[in-house]
Amino acid sequence: MPSKMWSVVDLLDWTTGYFQQHGIPNPRLDAEVLLGHLLKKSRLQLYLHFEMPVFQEHLTPFRELIKKRIAHTPVSYLTNRKEFMSLDFYVDERVLIPRPETEQLVETILTAETENFQRLLELGTGSGVIATCLAVQHSEWEIVATDISESALAVARKNAEIHACTAQIKFLSGDLFEPVAAICANGDAQFDWIVCNPPYIKNTERDTLRPDVRDHEPEIALFAGNDGLDVIRRLIAEAPKYLAPTGKLILEIGATQANTIRTLLEAESAYATYKLFKDYAGKERIVLASVP
Ligand SMILES: C[S@@+](CC[C@H](N)C(=O)[O-])C[C@H]1O[C@@H](n2cnc3c(N)ncnc32)[C@H](O)[C@@H]1O
């Protein structure tokens, strides 16, 4: 960045061009979000202060953000912020950045007919967005949220604190159902819902991913064996043991996995019914299976 007196608009124009040269997909948007983050202004406020000078105290950290962005660090890790279901969440490299398609998973649960009190288990909570949004919407629900990554759980706890629902969510660490096996052993603490947005990318697809994802998001949150189904297979097989009568398993799945998942569910006699839901692009991305 050349040495000169910079205004907001000059800086945005220069950064947009620089991001473009480096193949950053949304150069103007990223420039605005990063500068707004640093100056503590919304994008609209930046437009209202286009001619405002930007001084060295902000230029130096802005240069650092630019460097990290051209190394494909996702914007959300640079701002430590991601909006999900209209709530603000803290994120960093310990967790997957919540995706818009996962909002549909939460909406499907919220629109299902449910009785007042529900006991819900979220496996692989990551940043905790699913468990936290459900807790915010239903303060009467009892929620257990788990993850195999202790460092992800630290982020999830932070988000539960931000949204004042730590008392409602019990966080446990461990491999899939292992942390709840003891609670459920006597059969009287089973769940009405088991929800999971599992890792479902094939190991062999690593090279096809955008560098933002491949080089920065946690591997454990992305990959699930050679066919991407290592975690989903276990979820489908093990969930019935932990579901209350008429309990439901709801999962986000990969865009090409629906048919294999139908086969897995049909082979599992514990399920009474199942349904797949399409996303806005017409792909079946949510599966909801119920036990009798
Ligand atoms: C795709 S991310 C989903 C994160 C968050 N729930 C969301 O929707 O944004 C998958 C999460 O599952 C966790 N995970 C992966 N394998 C697991 C396992 N065997 N047991 C428990 N959690 C696991 C990862 O650490 C990661 O946080």
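Quick check on E93: is it in the same structural domain as V180 (by TED's automatic domain parsing), in contact (Cβ under 8 Å) with a residue 12 or more places away in the chain and more than 25 Å from R210 (Cβ to Cβ)? Answer is no for this residue. For I183, the conditions (1) at positive phi; (2) more than 15 Å from the ligand (Cβ to nearest atom) all hold with the exception of (1).
Could you check, for the range 39-58, whether at least one of its residues is within 23 Å of S127 (Cα to Cα) and surrounded by 12 or more Cβ atoms within 10 Å (Cβ to Cβ)? Don't jump to the end; show me each part of the working.
Initial filter on the range 39-58 (within 23 Å of S127 (Cα to Cα)): none.
Among the residues of the range 39-58, not one is within 23 Å of S127 (Cα to Cα) and surrounded by 12 or more Cβ atoms within 10 Å (Cβ to Cβ), which makes the answer no.
If you take just the helices (runs of 4 or more DSSP H) that sit entirely in the range 1-70, which of them hold at least 1 residues that are polar (S, T, N, Q), within 19 Å of D212 (Cβ to Cβ) and at pLDDT 95 or above?
On the way: elements: 8-21, 27-39, 43-48, 56-70.
The helices (runs of 4 or more DSSP H) meeting that bar are 8-21.
With respect to the stated conditions, L65 is buried (at least 17 other Cβ atoms within 10 Å of the Cβ), touching a helix residue (DSSP H, G or I) at 6+ places or on another chain (Cβ under 7 Å) and outside the structural domain of N197 (by TED's automatic domain parsing).
In the set L264, L249, only one residue is surrounded by 22 or more Cβ atoms within 10 Å (Cβ to Cβ) and either modelled with pLDDT under 95 or in contact with a helix residue (DSSP H, G or I) (Cβ under 6 Å, 6 or more places away or on another chain) (or both); that residue is L249. Restricting the range 269-285 to residues that are in contact with an Asp or Glu (Cβ under 7 Å, 6 or more places away or on another chain) and free of Cβ contacts under 8 Å to residues at least 24 places away in the same chain leaves a set whose member that is farthest from L243 (Cα to Cα) is K278.
Pick out the one residue from A244, A239, A289 that is buried (at least 16 other Cβ atoms within 10 Å of the Cβ), farther than 26 Å from H72 by Cβ and modelled with pLDDT under 95. Please lay out each step first, then the result.
On the way: A239 fails: modelled with pLDDT under 95; A289 fails: modelled with pLDDT under 95.
Being buried (at least 16 other Cβ atoms within 10 Å of the Cβ), farther than 26 Å from H72 by Cβ and modelled with pLDDT under 95 holds for just one of A244, A239, A289, which is A244.
Is there a residue being under 19 Å from V213 (Cβ atoms), out of contact with any helix residue (DSSP H, G or I) (no Cβ under 7 Å at 6 or more places or on another chain), near the ligand (Cβ under 10 Å from one of its atoms) and not in a helix (DSSP H, G or I) anywhere in the range 148-166? Within the range 148-166, not a single residue is under 19 Å from V213 (Cβ atoms), out of contact with any helix residue (DSSP H, G or I) (no Cβ under 7 Å at 6 or more places or on another chain), near the ligand (Cβ under 10 Å from one of its atoms) and not in a helix (DSSP H, G or I). Residues that are away from the ligand (no atom under 15 Å from the Cβ), assigned to a loop (DSSP other than H, G, I, E, B) and assigned by TED's automatic domain parsing to the domain that holds L105 do occur in the range 205-225.
The set of residues in the range 244-288 being aliphatic (A, V, I, L, M), assigned to a strand (DSSP E or B) and either outside the structural domain of L110 (by TED's automatic domain parsing) or within 22 Å of P100 (Cα to Cα) (or both) consists of L249, I250, L251, L276, I286, V287, L288.
What are the residues in the range 167-180 that are under 26 Å from I286 (Cβ atoms) and away from the ligand (no atom under 13 Å from the Cβ), if any? Residues satisfying the conditions are Q168, K170.
Q190 meets all of the listed conditions (1) over 18 Å from the mean Cα position of the chain (by Cα); (2) surrounded by fewer than 19 Cβ atoms within 10 Å (Cβ to Cβ) but one, namely (2). Scanning the range 86-121 for residues that are outside any helix (DSSP H, G or I) and near the ligand (Cβ under 7 Å from one of its atoms) returns V95, L96, P98, R99.
The values are calculated or read from the model by the stated rules, or taken from the named source; none is laboratory data. What you see is a predicted model, and the numbers here were worked out from it, not measured in a lab. A quick note on method: Cβ atoms are made from the backbone with ideal geometry, for glycine too, and the neighbour counts reach across all protein chains shown.
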